[in-house]
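Please read the structure below before turning to the comments.
The values are calculated or read from the model by the stated rules, or taken from the named source; none is laboratory data. All of these numbers come straight from a predicted model, not from anything done at the bench. Note: ideal-geometry Cβ built from the backbone for every residue, glycine included; neighbour counts use all protein chains shown. Side chains included, ligands, DNA and RNA excluded: accessible areas come from the protein's heavy atoms. Shrake-Rupley method; radii C 1.70, N 1.55, O 1.52, S 1.80 Å.
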Amino acid sequence: MGHLRCLAVLVGLLVVATAADTECSKMTNTTCETCLKNVTCLWCNTNSKCVDYPVKNILPPSSLCKLRDARWGICWVNFEAVIITVSVVGGVLILSLIICCYCCCRKKKSRNSSLETEKSIREKEERRVRQEERRVQMKSRHDEIRKKYGLFKEDNPYAKFDS
């Protein structure tokens, strides 16, 4: 009994597929608009044929209809124009994305280098100030040691009498 059900389902699918095939092929030698009212149909301008869209392929094969003569969805747009348009728009989008990434990375790099430059200048100034403070401390310490041992070079007290 189960086999009969499977067989009935398969026969039903075959009937539906055949009905769909005949539905598009019935519209052959009519107008493009009439054919394309059914979204599963493809119109070929060269021979005014309405055929089922080959869903296994993304684009209809040239044996069925040439791309410049094939219409699907809209009668005034052919597949060749769609492919060219999509390629150009996609290329422009990819190129603009690459340019934006390049500009952002370059801007970030220059911003980082300017921050690093400012930071290095600030650090250099801080080192100079610390060095100057140490120099003053060392000079005062040396002067104290010189005073303690009498080595401090003061103005000569006898220099007044020399003149």
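Write down the accessible area per residue of the stretch 56-111 in Å², having rolled a 1.4 Å probe over the full set of protein chains. Could the numbers behind the result be given before it?
Values: 4600 Å² over 56 residues.
On a per-residue basis, the stretch 56-111 sits at 82 Å².
What number comes out for the charge environment of GLN131, summing +1 per Lys or Arg and -1 per Asp or Glu over other residues with Cβ under 11 Å away?
Values: positive: LYS124, ARG127, ARG128, ARG130, ARG134, ARG135; negative: GLU125, GLU126, GLU132, GLU133.
Local net charge: +2.
So, R0 is 35 Å and r is the distance between the beta-carbons of ILE94 and ARG127; what FRET efficiency does that work out to, to 0.05?
0.10
At what distance in nm do the modelled label points of CYS103 and GLU80 sit from each other, each positioned 7 Å from its Cα along Cα→Cβ?
Here the modelled spin labels are 3.6 nm apart.
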